[in-house]
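Quick notes on the structure that follows.
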Amino acid sequence: MNQKSLIAKTVFYLFIATMIIAILVPFFLFLSTSVYSEYEVYEFPRKFIPRTSFDLKIDWVDDKYDFSVFSREMDDYELLIQTDNLDKLRRFLKRNLSVQKTNEEINRDFSVSKNGEPLYLTYKKDLLYNYKTFFSITNKAGKAVANSVIAAGWTILISLSFGSLAGYAIARYKFKGREQLSLILLVVRMFPAVAVAIPMLVYLLKMNFDNTMIGLAIVYSVGNIALTAWITSSIFSGINVELEEASYVFGATKLQTFTKITLPLAVPGLIACSMYAFLAAWNDSITALILSNNNPTLSLVIYKAIGSSSAIQLSAAGAVILIMPALVFTFIIKNYINQMWGEVKL
């Protein structure tokens, strides 16, 4: 291997490593924020790795508990609250440290300090506390998840149904303006969904589709039908027309040939289109704000929560909840997408 080739490969791998770090480090920080307790969020400087437990010091002074937490910056215990109210201590542990304890457990553990000696103990943090709290304090969060799933499902169904048929027509039939139509499809895809949402709102109101997931999916599908048609036209063009002709010879109809011969061969392209349709519907919040503000999707709920809440750990938890289904969906369909680049393993 000559020196120039070695330098080129080194630069390439350094570039790839830099890109991976640039993506993974912010994502890890975002993920760690979602499991921070309120106490950790306001620590400065904030630690890269979140705590899994807290070291506590309890003193019984003047008939009150002096509740202290070990501070990494001070390298000592920091006094946070003084009280003899067990219910107040329980709420403080829950809200500030994400520690779930009952009044009976607190009384049993803390009462040992009444003998005059400081009590040192460790409480484990509930790492899922922010996720549980997000659903408990956010209005309609549970229904919003269902709405997002329904909207994404309808978007995929509408986009693939109309887009694949349009793509097949472009690939198989010769008609005037076919090349121009392909260009128009790309131009339509360039329009953001929110630009379509405002004029579409008038028609959705007339059809009583406002604040419904089917109405939202129709708007999402406008751009995705165009993208699906553009992608599938290339996929169908790559499928030998002789296969369809052979099917006709054996007595199959055009519909049977399309559903049993052509469509299965185009599955990788359709799956890729479904991924684009899913992500467009799942991640959108602005269009949902216009069309379904009273029946929100999960992304819209999180959008509102981020704008109205000072608890950034709860907003981060909600955003992670939004991200995870998209990652799972992408992971499930990745094997099909690989076929577009020559991978045949399913």
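Quick notes
- Residue check, Ala281 modelled with pLDDT of 85 or more and either crowded, with 21+ Cβ neighbours inside 10 Å or within 14 Å of the chain's Cα centre (by Cα) (or both): yes
- Looking only at region 212-259, and only at residues there that are surrounded by 16 or more Cβ atoms within 10 Å (Cβ to Cβ), of a type in the set (Phe, Trp, Tyr) and farther than 30 Å from Thr297 by Cα, the one that is modelled with the lowest pLDDT: Phe258
- Members of region 260-273 that are surrounded by fewer than 16 Cβ atoms within 10 Å (Cβ to Cβ) and either small (Gly, Ala, Ser) or under 33 Å from the mean Cα position of the chain (by Cα) (or both): Pro264, Leu265, Val267
- Phe12 among the hydrophobic types (A, V, I, L, M, F, W, C), over 25 Å from Asn130 (Cα atoms) and not in a loop (DSSP other than H, G, I, E, B): yes
- Each residue in region 239-296 was checked for being touching a residue at least 40 places away in the same chain (Cβ under 8 Å), among the small types (Gly, Ala, Ser), part of a helix (DSSP H, G or I) and over 16 Å from Leu227 (Cβ atoms), and 1 of them qualify.
- Summed over region 141-159, the residues that are crowded, with 20+ Cβ neighbours inside 10 Å and at pLDDT 90 or above give a count of 9.
- Scanning region 116-140 for residues that are free of Cβ contacts under 8 Å to residues at least 40 places away in the same chain, more than 24 Å from Lys304 (Cβ to Cβ) and surrounded by fewer than 13 Cβ atoms within 10 Å (Cβ to Cβ) yields a single hit, Glu117.
- Pairing each residue of region 188-216 that is within 19 Å of Leu157 (Cβ to Cβ) with any residue that is of a type in the set (Phe, Trp, Tyr) and in a helix (DSSP H, G or I), provided the two are 6+ apart or on different chains, yields C-beta distances under 7 Å for Ala193/Tyr220; Met213/Trp154; Ile214/Trp154.
- Taken over region 62-101, the criterion of being of a type in the set (A, V, I, L, M, F, W, C) and either at pLDDT below 90 or not assigned by TED's automatic domain parsing to the domain that holds Leu119 (or both) is satisfied by Met74 alone.
- Taking first residues from region 71-84 that are in contact (Cβ under 8 Å) with a residue 12 or more places away in the chain and of a type in the set (Lys, Arg) and partners that are outside any strand (DSSP E or B) and surrounded by 12 or more Cβ atoms within 10 Å (Cβ to Cβ), the Cβ contacts under 8 Å between residues at least 6 apart in sequence or on separate chains come to Arg72/Glu43; Arg72/Lys47.
- Being aliphatic (A, V, I, L, M) and assigned to a loop (DSSP other than H, G, I, E, B) is a property that Ile58 lacks.
- In region 114-202, counting only helices (runs of 4 or more DSSP H) that sit wholly within it, the ones holding 2 or more residues that are out of contact with any strand residue (DSSP E or B) (no Cβ under 9 Å at 6 or more places or on another chain) and among the aliphatic types (A, V, I, L, M) span 141-172, 178-190.
- Members of region 166-182 that are free of Cβ contacts under 8 Å to residues at least 60 places away in the same chain and under 16 Å from Ser234 (Cα atoms): Ala169, Tyr173, Lys174, Arg178, Glu179, Gln180, Leu181, Ser182
- Look at (1) farther than 19 Å from Lys124 by Cα; (2) in a helix (DSSP H, G or I) and you find that Tyr39 fails only one, number (1).
- Residue, modelled with the highest pLDDT, within region 297-318, restricted to residues that are of a type in the set (Ser, Thr, Tyr) and not in a helix (DSSP H, G or I): Thr297
- Total residues in region 6-39, condition touching a residue at least 24 places away in the same chain (Cβ under 8 Å) and under 24 Å from the mean Cα position of the chain (by Cα): 8
The values are calculated or read from the model by the stated rules, or taken from the named source; none is laboratory data. From a predicted model like this one, the values you see are computed outputs, not experimental measurements. Here Cβ is always computed from backbone atoms with ideal geometry, including for glycine, and neighbour counts include all displayed protein chains.
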